[in-house]
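J.: Starting off with a structure, shown below.
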Amino acid sequence: MTSNKWRSNTVPDLIIEVWEALDCESVGKHELEEIQKVLAEKFGPGAVNSPATIARAVADEGAVLRHPEVFECDFAWRERSLSEHVVASELTFSNLSEAVASFGKLEEKRHSMSADLEALKRLRNVVISAREEVLLTARSKVLGDQQRGEAAEVAEWMTVWLRAPALFPDWLDLRMRTAEFKGKFGAD
C-alpha cells in the first residue's frame, strides 16, 4: 500500500481509509501494523498511533476486533517504544567525553539488536534525532567557541556512525589520534 494513493489529510481519517481499503471484517495484528505503516509513510513516524488507539477507532466504525491479537500487538509496540525512549535517555552528546561514552552504549545496543532490523532502524532514528539537537548546539550564537566546536565534532561522529556503524569504533579511535583532533581538543 503506497502512501501517495491516500486521500485523507488527518490521522483519524487515514486510519479509517486504510481499514476500509484492507476490506476486512475483523482486525488483528496484521491489519493494525499495516495501518501503522501507512500512517508512518504519509505523516512520519511521530504520527503513528498505538495499536490500541487504532483498534478503538476502527471498532467505533464497526470493525470486529481480534482482541488477543490487538492486546499482543499493542503490548509489543509499547515495549519497543519504551525501549527506544530508554535508549535515548541513556545517551548524552553534550561534550566529547560524554559522547564517547554514549557511542560505547550505542555499540552495545547495536550488537545486541543485530538480528532485529526494526530495532536497528529505531536505534538509527534515535541517533538522527540526537544529531539534529547537536547541530543546533554547533550553530548556537550564545555558546562559546569550544562548546560549538565540540558539538560540530560530535555531529560529524554521528554522521560517520549513521553511514557505517560497523566501522565507527575504529574510525573514532583513528580520528582521536590525529594531530588535528589533538590540536583542537587536547590529547585527552
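J.: If you line up the long axis of helix 96-112 against the longest principal axis of the chain, both from Cα atoms, how many degrees apart are they, to the nearest 10?
T.: That works out to roughly 40 degrees.
J.: I'd like the orientation of helix 67-90 relative to the chain: the angle between its Cα long axis and the longest Cα principal axis, in ° from 0 to 90, rounded to 10.
T.: Taking Cα atoms only, the helix is inclined about 10 degrees.
J.: How much net charge surrounds Glu72 when only other residues with a Cβ under 15 Å from its Cβ are counted (Lys, Arg +1; Asp, Glu -1)? Working shown, then result.
T.: Values: positive: Lys29, Arg66, Arg78, Arg80; negative: Glu31, Glu33, Glu69, Asp74, Glu79.
Surrounding charge for Glu72 is -1.
J.: Same structure again: Which lysines have a Cα less than 18 Å from the Cα of Lys5, not counting those fewer than 8 places away in the same chain?
T.: Output for Lys5: Lys37, Lys42.
J.: Shifting gears a bit: Consider the candidate values (i) 17.3; (ii) 17.7; (iii) 19.1; state which one is Kirkwood radius over Cα pairs in Å computed from the structure displayed.
T.: Matching entry in (i) 17.3; (ii) 17.7; (iii) 19.1: (iii).
J.: Calculate the length of the line joining the C-alpha centroid of the range 105-138 to that of the range 9-47, in whole Å.
T.: If you average the Cα positions of each part, the centres end up 26 Å apart.
J.: Considering only Leu123, Leu143, Leu91, give the residue with the highest GNM mean-square fluctuation for the chain, with springs between Cα atoms whenever their separation is below 10 Å.
T.: Looking only at Leu123, Leu143, Leu91, the biggest GNM fluctuation is shown by Leu143.
J.: So, one more: Suppose the chain between Gln147 and Glu180 were pulled fully straight at 0.36 nm per residue; how much longer would it get relative to their current alpha carbon spacing? Before the final figure, lay out each step's value.
T.: Values: separation 33, 0.36 × 33 = 11.88 nm, distance 1.68 nm.
Here the answer is 10.2 nm.
J.: Can you list the HN-Hα couplings for the range 27-42, worked out from phi with the Karplus curve (6.51, -1.76, 1.60; θ = phi - 60°), rounded to whole Hz and with x for Gly and Pro?
T.: Calculated HN-Hα couplings, in order: 10, x, 3, 4, 5, 5, 5, 5, 5, 4, 4, 5, 4, 5, 5, 7 Hz.
J.: What relative contact order, as a whole-number percentage, does the range 87-153 give when Cα pairs under 8 Å and 6 or more residues apart are counted? Write out the running numbers ahead of the final one.
T.: Working: 44 pairs, mean separation 21.6, N = 67.
Reported as a whole number, the value is 32 percent.
J.: Relative to the present Cα-Cα distance, how much length would full extension add between Ser8 and Ala166 at 0.36 nm per residue of separation?
T.: Numbers: separation 158, 0.36 × 158 = 56.88 nm, distance 4.04 nm.
So the extension gain works out to 52.8 nm.
J.: For a quick check: with amide H placed at 1.01 Å from N, whose amide H comes under 5 Å from Asn95's, ignoring anything fewer than 5 positions away on the same chain?
T.: none
J.: Then there's this: Could you work out the relative contact order of the chain? I mean the mean sequence separation of Cα pairs under 8 Å and 6+ apart, divided by the number of residues, in percent.
T.: Numbers: 153 pairs, mean separation 25.9, N = 188.
Here the relative contact order equals 14 percent.
J.: Something else about it: Name the GluC sites (Glu not before Pro) in the range 1-56 that are in a loop by DSSP and that have at most 16 other C-beta atoms within 10 Å, would you? Working shown, then result.
T.: Values: sites: Glu17, Glu20, Glu25, Glu31, Glu33, Glu34, Glu41; in loops: Glu25.
For GluC sites (Glu not before Pro) across the range 1-56 that sit outside H, G, I, E and B with at most 16 neighbouring Cβ atoms in 10 Å, the list reads Glu25.
J.: Still on this structure, I have one more. Non-local amide H neighbours of Val27 (under 5 Å, H modeled in plane, Pro and chain starts lacking H): which ones?
T.: Val64, Leu65, Arg66
Rule-based calculations on the coordinates, nothing more; no lab input. All of these numbers come straight from a predicted model, not from anything done at the bench. Because the Cβ atoms are built from the backbone with ideal geometry, glycine has one as well, and the counts that use them run over all protein chains shown.
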